[in-house]
Each structure stands twice: as C-alpha cells, then as structure tokens.
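Asker: This is the structure, below, for whatever I ask next.
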Amino acid sequence: MPWLAVPYTDEARRSRLNRLYGIQDSEDDGESEAAKQLIQPIAEKIIAKYKAKEEEAPLLFFVAGEDDMTDSLRDYTNLPEAAPLLTILDMSARAKYVMDVEEITPAIVEAFVNDFLGEKLKPEPI
C-alpha cells in the first residue's frame, strides 16, 4: 500500500495519535482485543517473510469493531453484519474474499491468508 502506517506494536505512538485525533476504542474492546491477539502473530509472520525478501507485505491487517467506520466499510463493500467473518479487501481490484466461519482460529486465518496469497480464492465484486 502506498501510505505509511504506525506498527500495531507501537502502542505508545498509537495512544498519542488516538488522543490527538479523538479516536476511541469501540464498545466491544474485549472481543477486538482477543481478535487482535489471534491474528497478530500471523500478521507479523507474513510481514517478516516479505521484509526478509526486501518486499512490501501484500496485506495489511485490521480488526473491525462496532463503530461508524466499520459500518461504512461494511456498507461500501456489501459485507454482512455476521461475526465472525474473515475478509480480505482488494480495493484497487474492487474485489473481496470472504470466509464466514463458526469460530476464528489461528489455523483458519493462516489457511485463508495462504489461500489468498496462493491465488486459490475466488474474488467477489465489491
């Protein structure tokens, strides 16, 4: 992606930016935190793999909460309100890859991401 991002692990900087711009955590903070803890090792593994090859990681990871931004994103991409829901959005291709699951586990997330990277998933239009 062409824009800069603050690493998820840089909590001090994220906290200062949140205060500066009036960003508040969503009401489902416990669920969001659990989801972040689940996907963070997978995200770090993928980022490290591409960094070792001196390439930009092909994915950015995001845990959606219950807030206006998430609602807007769901509306724009025509995603259901269902949870848990794994989604990869390719905004430049106006495509989405969705996996509706009973429970999100590290193995399911890793398989979903690997299938995407291996071009094994069928895109749906946004």
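Each reported figure results from applying straightforward, stated rules to the coordinates on display, with no laboratory input. Computed from a predicted structure; not experimentally measured. Backbone-built Cβ (ideal geometry, glycine too); neighbour counts: all protein chains shown.
Asker: Cross-chain or 8 or more residues apart, Cα under 17 Å: how many lysine pairs in the chain fit that? Count them up, please. Don't skip to the end; give the middle numbers.
Answerer: Details: K36/K45; K45/K53; K96/K120; K96/K122.
Lysine pairs meeting both conditions in the chain amount to 4.
Asker: If you place +1 on the Cβ of every Lys and Arg and -1 on the Cβ of every Asp and Glu, how big does the dipole about the Cα centre of the chain come out, in debye to the nearest 20?
Answerer: Approximately 720 debye in magnitude.
Asker: Here's something else I'd like to know. Across all directions of projection, what mean area in square nanometres is found for the Cα convex hull of the chain?
Answerer: The Cα convex hull of the chain, projected and averaged over all directions, gives 8.4 nm².
Asker: Here's a follow-up. Let me check against my output: what whole-number percent is the relative contact order of the chain, with C-alpha pairs under 8 Å and at least 6 apart?
Answerer: After rounding, I find 19 percent.
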